[in-house]
């Protein structure tokens, strides 16, 4: 869906920046998340050791990705979990749809899953008359308001309690207006409890899949993830294919990094490891478990040694919480499912630079994201790579889709001129003379379309008639 | 579709470098080995910080501790597993003034509404994790998965000798990779959320209260 929509970044950004309520909500939340993370990783050396371990585990997993996925498939199949492969999000949604339809189910309950957002699964299911209810509190809130998540961990963080109070009062029948967080929570609990009991199919994401044992791991606090994977007779887990790890012993360090980085927790309330459907004699749990492995461009990303690092991501959201751009915009302005620094490197690679390349410029390259990333993704390097490839066509088989979409004669001539004036002394002198002669006339350039994009948020420089160099020379100051 | 599988795997095989030099991986820093007393204390402190109620008792006193907990609340029943050792012990000496014991004996298809309506449950545990403060549960045919999830109050009984230093230790010492059951759960407290303005609120979709009875000695 997103790929067919043209995202107007400048407009989105301007709207977000001029929304004081949004900026207040975000600022408070991001500061708190950052503080909690720092508190949990207060021992710097221990954190660096853990991080090195997490990085190494993710690199090893990616190096063996095809073998691990085959092993995962084999193990899951032996355990009774049915494994499906999808090249595209459309294919993945179709797989889910046909499983749901084969059970004549119309009530689907969902745990939080960014991959299902990537698939636009709810939309597909609704088109076929299937109710797909989000049960994570944050996801439930935004679904009521027909919004998408603005953060990968706390999806409704752009809203404050007054807005949520109003929403519940308006959208949930017989609900009094209350701004008390506990009461809002109780309202959602009551509504969703009935749904958990009645749900026919549960859909969840996967945080880690263990190839060695065929185990799907889910990290959560609310218990809705457990409900979706335990109460209905059918469970469908959707997973980006990079989420596989080799061994069970790879899980503890990654789990620690994930919960600490995401919300500053030592561990979440629940860590749920699912290895098979209900076995004979067991009284509950789904009788059918399906695992849908989604590629959607990930296999192409794997081919390039630098870009591959993107796939190490464990979706903790720490890069969002620490990004000066995300903190001021929130997730919706980015226009795609994955916002913030990780979204800005992942999305252009999946959707193509011609569609989402502008996301790579939504960064100051300050490097805060890299500093906090629990698996050491070189985010700023990849951002620069994407910016460069936006302007240059290359023959490399690993070039990002849509490379060179921004290349134009005026800009390449400008940079050639820039290089010349800064390398050849005669060109530098000539350039200074010219700028001095034209002087303030140059401000008129700000009306020119090409320059306007730049000058609408910046002041066009005025050039003095004589350069500093020339003035110094007149005063007899030696330039040696 | 098998063609998608083949296409994806072919692309992945072509993409993974064959000659990649494997960098040595940093070893897991050795965890500090704690005594049993220290493990009990740490688990208690961590779980209480996550709003679990932790009662340290012993093999002789735990039934009385449980009864005190139950008498302080008005509950419509206590879901239990009749076939476990714990369940048999409970049934053998149940007082009439306590909430009635309700056995989880039927498949969920026959009992779902009752499971969602009962106020409390009691389960055993496979062990605990001292470093993060969590219980390990391995639900099985006798003690099914919904027992620790559907009722608003979950009471868990933990043997102090089964508390591990860390998850890594539990996996290694108990060789989980050779015997993963249908479902393994780590539980660190009552269910919670911070989805509204990051305000921490307890009791969302899972239990609102978690009481841990640690049998130490």
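A short reminder: the numbers here are calculations on the coordinates, not readings from a lab. Keep in mind that this is a model prediction, so the values were computed, not measured. Neighbour counts are summed over all protein chains in view; Cβ atoms, including those assigned to glycine, are modelled from backbone coordinates with ideal geometry.
Roughly how compact is chain B, stated as its Cα Rg over 2.2 N^0.38 Å to two decimals?
In units of the globular-protein estimate, chain B measures up at 1.25.
Within the P(r) computed for segment A:413-474, what percentage of the Cα pairs occupies the region above 15 Å?
Of all Cα-Cα pairs in segment A:413-474, 60 percent lie more than 15 Å apart.
Considering all projection directions equally, how large on average is the shadow of the alpha-carbon convex hull of segment A:303-423, in square nanometres?
The number I arrive at for segment A:303-423 is 8.4 nm².
On a full-extension model of 0.36 nm per residue, what is the gain between residue B:96 and residue B:67, subtracting their alpha-carbon distance, rounded to one decimal in nm?
Contour length minus the Cα-Cα distance gives 9.3 nm.
For the protein assembly as shown, just list the percent of Cα-Cα distances falling in each 10 Å bin from zero outward, please.
3, 14, 24, 24, 17, 9, 5, 3, 2, 1, 0
For helix B:36-49, report the angle its Cα long axis makes with the longest principal axis of the Cα atoms of chain B; keep it between 0 and 90° and round to the nearest 10°.
Value to nearest ten degrees: 90.
Go ahead and run the numbers for FRET between residue A:428 and residue A:48, Cβ-Cβ distance against an R0 of 35 Å, rounding to 0.05.
0.20
Using alpha carbons only, how many degrees (0 to 90, rounded to 10) separate the axis of helix A:340-351 from the longest principal axis of chain A?
80 degrees
Please give the FRET efficiency for residue A:450 paired with residue A:477, using the beta carbon to beta carbon distance and R0 = 41 Å, rounded to the nearest 0.05.
E between residue A:450 and residue A:477, to the nearest 0.05, is 0.60.
Calculate how steeply helix A:379-391 sits against the longest principal axis of the alpha-carbon atoms of chain A, using the helix alpha-carbon long axis, and give the answer as 0 to 90 degrees to the nearest 10.
Helix A:379-391 sits roughly 60 degrees off the main axis of chain A.
Under 1.5 on a/c is rounded, so check that first for segment A:164-220, then, if it is not, pick prolate when a/b is larger than b/c and oblate when it is not; a ≥ b ≥ c are the square roots of the alpha carbon gyration tensor eigenvalues.
Prolate shape, in that a/c is at least 1.5 and a/b is the bigger ratio.
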